[in-house]
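The values are calculated or read from the model by the stated rules, or taken from the named source; none is laboratory data. Here the structure is a predicted model, which means the values were calculated and not measured. All Cβ positions, even for glycine, are placed from backbone atoms using ideal geometry, and neighbour counts span all protein chains on display. These accessible areas exclude ligands, DNA and RNA; they are computed on the full protein's heavy atoms, side chains included. Shrake-Rupley method; radii C 1.70, N 1.55, O 1.52, S 1.80 Å.
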Amino acid sequence: MADQLLVFDTTLRDGEQSPGASMTCEEKVRIARALERLRVDVIEAGFPIASPDDFKAVKAVAEAITDSRVCGLARALNKDIERAAEALKPARAGRIHTFIATSPIHMREKLRMSPEAVLEAAVKAVRHARQFTDDVEFSAEDAGRSDPDFLCRVMEAVIAAGARTVNVPDTVGYSVPAQFGELIGMLRNRIPNADQAVFSVHCHNDLGLAVANSLAAVQYGARQVECTINGLGERAGNAALEEIVMAVRTRQDVFGCSTRIDTPHIVAASRLVSTITGFAVQPNKAIVGANAFAHEAGIHQDGVIKNRETYEIMRAEDVGWTANRMVLGKHSGRNAFRARLAEIGIALKDDATLNQAFERFKDLADKKHEIFDEDLQALVSEGALEAVESVKLVALETASGTGTKPHASVRLVWNGKDYEARAEGGGPVDAAFRAIEGVIASGAVLQLYAVNAITSGTDAQGEVTVRLERRGRIVNGHGADTDIVLASAKAYLNALNKLLVPDNRTHPQLPRGM
Ligand code: MN
């Protein structure tokens, strides 16, 4: 058997830290189930001390997942580690991931600690975490810019203290492949107890090199990669899971290792993450972009028809592009509906929720001939959100066209009270947003508005993403409907609902004690 490369997914932790990508507890559990179906080895479910909601979400994931390990992040502080241990109690296999920065600039400017004090804190944190579980991972934040000698001392000490995984993050995306690979090789050669831990990497994409750096590290013996679906993550994102997995699989001759990933579930996981976060996947994105396997040029098509290997290094079905073409329609019954949801990994919690979802499905089937898995995902997302939202759309009417001034009338329920408003705008979407603001008066600034067709055909549902900003806080909202003006209003309200919930989370990269 080839060497195992462990896949550590941090979509729910680092991915969620990208501005606007915050998810509800229910959404996190849904993504965790998709990750488990993909057979990722470790799911980093969150940073439990960040807020009561983050704690709850890590706990809910720990309860729901049986096949993957569930991991919680903790700064090198006892209170963080204890909170993570508490959230992970229900996990069949739990991991505590503790970290502290080791680069001169982070130690001096952020932590205001001497290197010796950092070393001591790292060791103490690992020892403390080991009291709760044998599976402890240590990360040297900003390792990519750390002094190699100091990094060796820290890693040796934390392995001796019981860390079973040592992670080398390129926190700021500064590394380049040859140098980063050699750094991993150097650590593995120089650290005397290196054989007692798995070496891991966590690369950011600021220079577009996250995947390349991760793969270079694999060639030098890293056996865990930290990554996210669609490369979601802070700033330019993390290394994309799908790209790493397919590179290792397609070029076994180069990497000589393999992952457990069940690749035909990749596209479904990608769709789910983009629907939930509102971060659309660009069409030319490797593996999961809509054009990733499309051959348009006649000469390529000719080659592919004669023998697909002339232009294809991977098969579309191997990553799930054809697996989800199962279609439901107007005449599909409740059992077929339920069975299809189960097949794509959606478990509704009770019969009442199933009935509500089935009603939505019937409404959609009246407007749309064929219902695809992507439609089902959108439909279930919407149902789950409606249950927790404080502002709900009751009715929307818009008018537009040549020679008329576009206008919209909206009826909303906000914390149980009815409101109505009417507004004019540059177009029906603008008018609808103005009408909603006529009621809510949020003062938020619209940063992004995007429409995507979920599936093909003119009767497809439009999926709208809206990004709002208020006092430095950014939220994304999404909404889907066959009527894109209605989808837009739903997306705007979804974003507003997020904005109306106060945010008191602690960011993991804030200094200690904050
Ligand atoms: Mn990160």
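For the chain, what is the mean residue ellipticity at 222 nm derived from helices alone (per DSSP H run of n ≥ 4: -39500 (n - 2.57); sum divided by total residues; nearest 500 deg cm²/dmol)?
Details: 16 runs with 196 residues, N = 514.
Calculated at 222 nm, the ellipticity per residue is -12000 deg cm²/dmol.
Can you give the local net charge around Gly72? Use residues other than it whose beta-carbon is closer than 10 angstrom to its beta-carbon, Lys and Arg +1, Asp and Glu -1.
Values: positive: Arg13, Lys59, Arg83, Arg95; negative: Glu44, Asp54, Asp80, Glu86.
Its environment carries a net charge of 0.
Need one number: nm distance between label points at Lys349 and Asp253, each 7 Å from Cα along Cα→Cβ, rounded to one decimal.
Those two pseudo-labels are separated by 5.2 nm.
DSSP beta bridges in the chain, what fraction antiparallel, as a percent rounded to 5? Mind showing how you got there, number by number?
Working: 35 of 73 bridges.
Given both bridge residues lie in the chain, the antiparallel proportion sits at roughly 50 percent.
Specify, per residue and in Å³, the volume enclosed by the convex hull of the alpha carbon atoms belonging to region 325-385.
Measuring per residue, one finds 74 Å³ for the Cα hull of region 325-385.
At 1.4 Å probe size, what's the solvent-accessible area of His507? Round to the nearest 10 Å².
Looks like 60 Å² after rounding.
According to a simple spin-label model (label point 7 Å from Cα along Cα-to-Cβ), what is the distance in nm between Leu500 and Glu120?
In this crude spin-label approximation the distance works out to 5.1 nm.
Identify, among Phe138, Ala157, Val58, the residue whose Cα sits farthest towards the positive end of the charge dipole of region 6-277, taking +1 on the Cβ of Lys and Arg and -1 on the Cβ of Asp and Glu, with the dipole about the Cα centre.
Most positive-ward Cα: Val58.
With every protein chain present, what accessible area does Lys405 have (1.4 Å probe, heavy atoms only), rounded to the nearest 10 Å²?
120 Å²
What distance in nm separates the simple spin-label points at Glu86 and Gln282, each placed 7 Å from Cα in the Cβ direction?
Reported label-point gap for Glu86 and Gln282 is 4.3 nm.
Express the carbon and sulfur contribution to the solvent-accessible surface of region 388-499 as a percent, rounded to the nearest whole number, probe 1.4 angstrom. Intermediate values should be presented prior to the final figure.
Details: 2560 of 5270 Å².
Of the solvent-accessible surface of region 388-499, carbon and sulfur hold 49 percent.
Report the gain in length on full extension from Ile313 to Lys405: 0.36 nm times residue separation, minus Cα-Cα distance, nm rounded to one decimal. Write down the numbers at each step before the final one.
Values: separation 92, 0.36 × 92 = 33.12 nm, distance 5.30 nm.
Fully extending the segment from Ile313 to Lys405 adds 27.8 nm.
Sorted by accessible area (1.4 Å probe), largest first, how do Lys498, Lys59, Lys79 line up? Spell out each step's value before the answer.
Numbers: Lys498 30, Lys59 75, Lys79 95 Å².
The residues order as Lys79, Lys59, Lys498, largest area first.
Given a 1.4 Å probe and every protein chain left where it sits, what share in percent of the accessible area of region 325-385 is carbon and sulfur? If you can, show how the numbers build up before the last one.
Values: 1570 of 3070 Å².
Accessible surface attributable to carbon and sulfur in region 325-385 totals 51 percent.
Taking region 220-376, how much of its Cα-Cα pair set, in percent, is spaced more than 25 angstrom apart? It would help to have the intermediate numbers written out before the result.
Working: 5463 of 12246 pairs.
Tail of P(r) above 25 Å: 45 percent of Cα pairs.
Helix 210-219: angle to the longest alpha-carbon principal axis of the chain, degrees 0 to 90, nearest 10?
40 degrees
Quick one: if the Förster radius is 45 Å, what FRET efficiency do Tyr449 and Lys56 give, using the C-beta to C-beta distance and rounding to 0.05? Spell out each step's value before the answer.
On the way: r = 31 Å, r/R0 = 0.70.
After rounding, the FRET efficiency stands at 0.90.
How would Tyr174, Tyr449 rank on accessible area, largest to smallest, probe 1.4 Å? The partial results should precede the final answer.
Numbers: Tyr174 145, Tyr449 85 Å².
Sorted descending by solvent-accessible area, the residues read Tyr174, Tyr449.
Between Lys79 and Asn189, what is 0.36 nm times their sequence separation minus the Cα-Cα distance? Round to one decimal in nm.
Values: separation 110, 0.36 × 110 = 39.60 nm, distance 3.44 nm.
Between Lys79 and Asn189, full extension yields an extra 36.2 nm.
Determine how large the accessible area of Thr66 is when every protein chain is in place; take a 1.4 Å probe and give Å² rounded to the nearest 10.
80 Å²
Relative contact order of region 388-499: what whole-number percent is it, with Cα pairs under 8 angstrom and at least 6 residues apart?
Numbers: 252 pairs, mean separation 21.0, N = 112.
It comes to 19 percent, rounded to a whole number.
How much area per residue is accessible in region 6-277 when the probe is 1.4 Å and only protein heavy atoms are counted (Å²)?
Details: 9010 Å² over 272 residues.
Heavy-atom SASA per residue in region 6-277 reads 33 Å².
Find how much the distance from Ala441 to Asn291 grows on full extension, using 0.36 nm per residue of separation minus their present alpha carbon separation; answer in nm with one decimal. Show your work: numbers first, answer last.
Working: separation 150, 0.36 × 150 = 54.00 nm, distance 4.05 nm.
That works out to 50.0 nm of additional length.
Counting only protein heavy atoms and using a 1.4 Å probe, what share of the accessible area of region 6-277 belongs to carbon plus sulfur, as a whole percent? Intermediate values should be presented prior to the final figure.
Numbers: 4410 of 9010 Å².
Solvent-exposed carbon and sulfur of region 6-277 make up 49 percent of the total.
Under the classification rounded if a/c is under 1.5, otherwise prolate if a/b is larger than b/c and oblate if not, where does the chain fall, given a ≥ b ≥ c as square roots of the Cα gyration tensor eigenvalues? Walk me through the intermediate numbers first.
Numbers: a/c = 1.94, a/b = 1.46, b/c = 1.33.
Verdict is prolate for the chain.
At a Förster distance of 60 Å, what's the computed FRET efficiency of Asp418 paired with Arg235, Cβ-Cβ distance as r, to 0.05? Each step should come with its number before you reach the end.
Details: r = 42 Å, r/R0 = 0.70.
FRET efficiency, Asp418 to Arg235: 0.90.
What is the angle, in °, between the Cα long axis of helix 266-277 and the longest principal axis of the Cα atoms in the chain? Nearest 10 is fine, range 0 to 90.
For 266-277 against the chain, the angle is about 70 degrees.
Quick one: of the DSSP bridges fully inside region 6-277, what percent are antiparallel, nearest 5? Walk me through the numbers on the way to the answer.
Numbers: 1 of 36 bridges.
Of the beta bridges lying entirely in region 6-277, close to 5 percent run antiparallel.
Any idea of the accessible area per residue across region 325-385, 1.4 Å probe, to the nearest Å²? Each step should come with its number before you reach the end.
Details: 3070 Å² over 61 residues.
Value for region 325-385: 50 Å² per residue.
Nearest 0.05, what FRET efficiency do Asn335 and Glu182 give at R0 = 51 Å with Cβ-Cβ as r? Intermediate values should be presented prior to the final figure.
Values: r = 57 Å, r/R0 = 1.13.
Working from the Cβ atoms, E equals 0.35.
Over the chain, what relative contact order in percent results from Cα pairs under 8 Å that are six or more residues apart? Provide the component values of the computation, followed by the final result.
Numbers: 1057 pairs, mean separation 61.2, N = 514.
Over the chain, the number comes to 12 percent.
Suppose every Lys and Arg Cβ carries +1 and every Asp and Glu Cβ carries -1, with no other charges. What dipole size does the chain come out with about its Cα centre, to the nearest 20 debye? Don't skip to the end; give the middle numbers.
Working: 60 positive and 68 negative charges, 172 e Å.
Approximately 820 debye in magnitude.
Greater than 32 Å separation of Cα atoms is the criterion. Which listed pairs, Lys285/Lys330; Lys28/Lys79; Lys330/Lys490; Lys285/Lys405; Lys28/Lys362; Lys362/Lys417, meet it? Walk me through the intermediate numbers first.
Numbers: Lys285/Lys330 34 Å; Lys28/Lys79 24 Å; Lys330/Lys490 24 Å; Lys285/Lys405 39 Å; Lys28/Lys362 27 Å; Lys362/Lys417 28 Å.
Where the Cα-Cα span goes over 32 Å, the pairs concerned are Lys285/Lys330; Lys285/Lys405.
Residue by residue through region 129-144, what is 3J(HN,Hα) from phi via Karplus (6.51 cos²θ - 1.76 cosθ + 1.60, θ = phi - 60°)? Round to whole Hz and write x for glycine and proline.
So the J values, rounded to whole Hz, are 4, 5, 5, 9, 7, 7, 9, 10, 10, 10, 10, 9, 4, 6, 4, x.
Rank these residues by their accessible area, most exposed first, probe 1.4 Å: Arg13, Arg127. Before the final figure, lay out the partial values.
Numbers: Arg13 20, Arg127 140 Å².
The ranking, largest first, comes out as Arg127, Arg13.
One quarter of the convex hull surface, Cα atoms only: what value does that give for region 6-277 in nm²? Before the final figure, lay out the partial values.
Working: hull surface 49.8 nm².
Its Cα hull, projected and averaged over all orientations, spans 12.5 nm².
Taking Cα atoms, how many degrees apart are the long axis of helix 334-343 and the longest axis of the chain, rounded to 10 and kept between 0 and 90?
Taking Cα atoms only, the helix is inclined about 20 degrees.
Please calculate how many Å² of accessible area region 388-499 carries per residue, with a 1.4 Å probe and no DNA, RNA or ligand atoms counted. Spell out each step's value before the answer.
Working: 5270 Å² over 112 residues.
In whole numbers, region 388-499 has 47 Å² accessible per residue.
Using the Kirkwood radius built from alpha carbon pairs, what does the Stokes-Einstein equation give as D for region 199-293 at 25 °C and 0.890 mPa s, in µm² per second?
Working: Rh = 13.6 Å.
Calculated translational D: 181 µm²/s.
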